[in-house]
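What follows is a single structure, written as structure tokens, with notes after it.
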Amino acid sequence: MKVKMLATRVALPVFAIAAVSAQAHAADFDWMKFKGKTVTFLANNNPVSQALLTYKADFEKLTGMTLKVDGYQEQQMRQRLVTVMNANSDEVDVYMTLPSREGEQFAAAGWYADLTAMAKNDVAKDYDSAGLSQALLKAATFGGKLTSMPMNLEGPIFYYRTDIFKKCGLDAPKTIKDVEAAAEKIKTCDSSVTPFVSRGLKPAVAYTFSNMLHNIGGTYIANGKSNLCSAKGKEALDTYSRLLRDFGPPGVVNYSFQQISALYRSGRAAMAFESSNELRTVMDGGARLKDTGLLPFPAGEAGQVPTTIGWGMAVSSHSKQPDAAWYFVQWATSPEVQKKMALQGIAPPRPSVANDPEYRKWIDEEPVRKEWQAALDVLATKGSSEVGYPIVANPQSREFIGQAVQDLILKQKPIDQACADADKALDALIALN
Amino acid sequence: MSDTAAPLTQDRQKLEMAALSAPAVFFTVAMIAFPVVYTIWLGFQTFSSTGKQSFAGLANYSKLISDYEFWHGLWITIALFVLSLVLQLVFGVWLALVLFNAKRLPGILRSLFISPFMMPPVVAGMMWLVILDPSLGAANYILQSLGLPPSDWLASPTWVIPTVALIDSWQWTPYVALIVLGGLQSLPPSVYEAAQIDGASPLKTFQRITLPLLLPTIVTAAILRSVDLLRFFDIIYITTQGGPGNASNTLNIYGFRVGFEFFNIGYASALMLTLTAIVFGAVLAFNRLRGAVAW
């Protein structure tokens with residue numbers, strides 16, 4: 001599900017986008033239409049929702065509605081969502097979703113309300129649907145139905161310590177080979193730091209590994225079969241696991257974003273490949289503000305094909321008040337709110353916000369923010385939303401990718417066996433699609 | 001009041017009592033029975049990745065037999081159960097003896113000794129996750145300060161089970177100690193006085209008197225801990241999520257992932273019912289043992 005975002009924006013033939021663009025600005029649109037109602041929002045307690053919920057009171061004042069927030073960590077949020085949706089319960093009106101991960105699955109299960117008509121007919125004058133990233137809207141469209149509205153734009157990017165690179169006589173890496181060479185040199189030049197860190201936790205690996213695979217020129221599926229044992233697949237598995245095994249921190253197989261950000265922020269890692277969303281966490285306290293450089297992940301044989309995804313806000317198909325729920329979704333993804341979130345370091349899924357003078361001023365305040373925005377611009381133009389296998393059982397496919405990488409990091413299997421075992425399991429999943 | 005009126009009144013009283021308690025009894029039975037019956041029913045269903053449901057008969061149970069992850073999970077569950085139980089019983093009895101004999105120990109210190117099991121397991125898991133982090137944690141810092149090699153702790157496929165067992169034992173040994181302490185306080189002093197007159201050494205007294213008399217209490221503690229240990233979930237979920245690889249993937253963790261991450265609620269129900277049967281089996285075995293050691 002590759003999305004050449006800006007490049008293909010004009011040509012996208014998806015009906016949902018046409019529908020969204022052809023919105024009717026109802027002259028009588030009234031934010032107070034559902035005054036007195038309570039909307040329940042199942043939130044993933046991540047930086048995106050944290051930034052959004054800073055303005056919860058504004059929503060309640062604007063609409064007269066009450067926003068009830070049910071917030072959990074990501075996995076617990078999904079667990080709760082699965083329980084609620086399987087029980088056909090209406091207790092959740094709006095929930096956060098990752099179309100790249102569960103979109104196909106949730107759409108096939110009928111858990112998303114179709115937002116197409118609401119986004120067309122029931123929008124405030126200043127909502128500017130057409131200003132939303134059309135590629136992210138496309139990625140959230142399944143079977144012709146628009147299932148969620150984008151909250152942010154994100155992807156893994158490359159954080160590196162400019163002071164350590166300077167001390168070790170290194171330039172910013174341009175290719176994956178440069179990253180390997182830099183890690184090797186830093187290992188001897190400054191033994192007090194971990195040369196390279198990225199995700200090693202099994203279910204979390206696919207997020208960063210996909211970028212590596214695509215940069216190298218690999219694909220997850222070829223001719224309907226899992227393709228990890230192809231030459232490119234094995235190269236990606238070998239490179240990713242070797243970087244973590246030989247240059248990563250001890251215990252990297254348990255590392256996800258929390259550990260990576262903590263290690264890098266504390267000054268104990270020279271290079272980190274982690275989500276753009278972590279900028280705020282990594283820069284917290286200011287220690288890394290002046291000695292960090294940011295890049296999209298350096299190129300492989302296929303150039304740069306960064307992973308680009310975004311959280312979306314979906315209305316539950318079991319909600320008894322989808323119209324009121326839509327008002328919350330609309331407010332949360334409006335230009336005004338997304339601009340406020342952008343000023344807190346949440347990359348906006350609206351080019352108009354990215355070009356807003358106030359936002360540009362914030363970006364220009366620190367060189368690292370400029371580099372962050374430049375990396376996000378590359379993500380927006382060259383990004384692929386394929387994280388794991390593009391199949392209904394995408395979450396399960398990520399487990400097998402992670403298992404293969406861990407087998408190699410822990411030296412539990414030779415590469416031929418690790419990829420063959422993964423391919424066998426993944427072929428079974430593909431066959432179920 | 002006639003002679004025949006009394007039995008009628010008693011019957012009426014019984015009926016009234018039954019009628020009054022019926023709602024509470026019905027509610028309690030329903031609360032226990034409904035989830036169990038529903039899970040049994042789910043165990044005969046199959047769910048596709050998209051949540052579509054169909055009757056599967058015994059397919060979920062026959063799948064268990066050929067599922068490597070099930071057998072691996074069972075092995076991990078049993079290994080963790082045995083290791084943790086042994087640690088907790090040995091150190092629990094030891095801690096109880098310390099607390100029993102140190103009668104002048106200040107109350108605050110006694111409270112401190114038994115405080116870990118009052119901590120929510122999620123908090124304990126998070127705390128140990130930070131302490132045992134191989135790069136940033138205090139555990140390796142202390143080891144290295146003492147000139148010892150650092151460990152990967154929870155990130156090592158070899159050491160993850162002993163490490164998790166240690167974390168659980170840190171938390172639950174005081175609970176075992178508290179139960180055993182109660183048992184110690186109820187032992188008859190006359191037996192000890194007789195042993196003292198006979199000139200028995202402290203070690204002999206412990207081996208021949210204290211331990212045999214304490215066995216029913218220790219088995220009770222073992223039953224209580226067994227139920228928890230076979231259902232082990234929270235600390236593993238917080239610290240390793242079943243990893244590295246599948247080195248700490250207990251049946252409970254595996255069932256959770258199958259159900260809530262892969263959405264196959266039917267197979268997850270079959271897994272959990274199998275685990276429930278194992279827990280029942282263990283409790284029955286320990287109950288028989290308790291009967292054998294009762295005095």
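Number of residues in segment A:247-277 that are touching a Phe, Trp or Tyr at 6+ places or on another chain (Cβ under 7 Å) and polar (S, T, N, Q) equals 2. Scanning segment A:334-380 for residues that are surrounded by fewer than 17 Cβ atoms within 10 Å (Cβ to Cβ), farther than 19 Å from A:Tyr159 by Cβ and polar (S, T, N, Q) yields A:Ser352, A:Asn355. Within the option set A:Ile415, A:Ile391, being of a type in the set (A, V, I, L, M, F, W, C) and at the interface with chain B (Cβ under 10 Å from one of its Cβ atoms) holds for one residue only, A:Ile391. For the criterion of being β-branched (Val, Ile, Thr) and modelled with pLDDT of 95 or more, A:Val123 fails.
Scanning segment A:142-166 for residues that are under 22 Å from A:Glu278 (Cα atoms) and part of a strand (DSSP E or B) yields a total of 9.
Yes or no, residue by residue, for (1) within 23 Å of the chain's Cα centre (by Cα); (2) more than 14 Å from chain A (Cβ to nearest Cβ); (3) surrounded by 12 or more Cβ atoms within 10 Å (Cβ to Cβ):
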residue: B:Leu143; (1), (2), (3): no, no, yes
residue: B:Gln185; (1), (2), (3): no, yes, no
residue: B:Gln196; (1), (2), (3): no, yes, no
residue: B:Thr210; (1), (2), (3): no, yes, yes
residue: B:Val219; (1), (2), (3): yes, yes, yes
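Taking segment B:201-218 as the range and being touching a helix residue (DSSP H, G or I) at 6+ places or on another chain (Cβ under 7 Å) and without any contact (Cβ under 8 Å) to a residue 40 or more places away in the chain as the test, the residues that pass are B:Thr205, B:Ile209, B:Thr217. One residue stands out in segment A:190-200 among those that are farther than 23 Å from A:Gly155 by Cα and touching a strand residue (DSSP E or B) at 6+ places or on another chain (Cβ under 9 Å): the one that is nearest to the other protein chains (Cβ to nearest Cβ), namely A:Val193.
Taking the stated definitions as given, is A:Asp90 touching a residue at least 40 places away in the same chain (Cβ under 8 Å) and touching a Lys or Arg at 6+ places or on another chain (Cβ under 8 Å)? Answer is yes for this residue. Checking each residue in segment B:103-137 for being assigned to a helix (DSSP H, G or I) and within 14 Å of chain A (Cβ to nearest Cβ) picks out B:Val122, B:Gly125, B:Met126, B:Trp128, B:Leu129, B:Val130, B:Ile131. I'm trying to understand the selection: among the residues of segment A:258-308, which are crowded, with 20+ Cβ neighbours inside 10 Å and within 14 Å of chain B (Cβ to nearest Cβ)? Correct list: A:Gln259, A:Ile260, A:Ser261, A:Leu263, A:Tyr264, A:Arg265, A:Ala269, A:Ala270, A:Ala272. If you go through segment A:381-425 and pick out every residue that is of a type in the set (Asp, Glu), within 21 Å of B:Gly242 (Cα to Cα) and buried (at least 20 other Cβ atoms within 10 Å of the Cβ), you end up with 2. Looking across segment A:167-214, the residues that are open to solvent by less than 30 Å² (accessible area, probe 1.4 Å) and in a loop (DSSP other than H, G, I, E, B) come down to A:Cys168, A:Pro173, A:Asp190, A:Val193, A:Ser198, A:Arg199, A:Gly200, A:Leu201. Flag not set for B:Trp153, criterion: buried (at least 16 other Cβ atoms within 10 Å of the Cβ) and more than 8 Å from every other protein chain (Cβ to nearest Cβ). State all residues of segment A:217-243 that are crowded, with 24+ Cβ neighbours inside 10 Å and part of a helix (DSSP H, G or I); if no residue qualifies, say none. Of everything in segment A:217-243, those that are crowded, with 24+ Cβ neighbours inside 10 Å and part of a helix (DSSP H, G or I) turn out to be A:Gly233, A:Ala236, A:Leu237, A:Tyr240, A:Ser241.
Among the residues of segment B:51-72, the one identified as touching a residue at least 40 places away in the same chain (Cβ under 8 Å), at negative phi and in a loop (DSSP other than H, G, I, E, B) is B:Ala56. The condition of being within 14 Å of chain A (Cβ to nearest Cβ), among the aromatic types (Phe, Trp, Tyr) and open to solvent by 20 Å² or more (accessible area, probe 1.4 Å) does not hold for B:Phe263.
The values are calculated or read from the model by the stated rules, or taken from the named source; none is laboratory data. Note that the coordinates shown come from a computational prediction; the quantities given were computed from them, not determined experimentally. As a convention, Cβ positions derive from the backbone with ideal geometry for all residues, glycine included, and neighbour counts pool all protein chains shown. Accessible surface areas use protein heavy atoms only, side chains included; no ligands, DNA or RNA. Shrake-Rupley method; radii C 1.70, N 1.55, O 1.52, S 1.80 Å.
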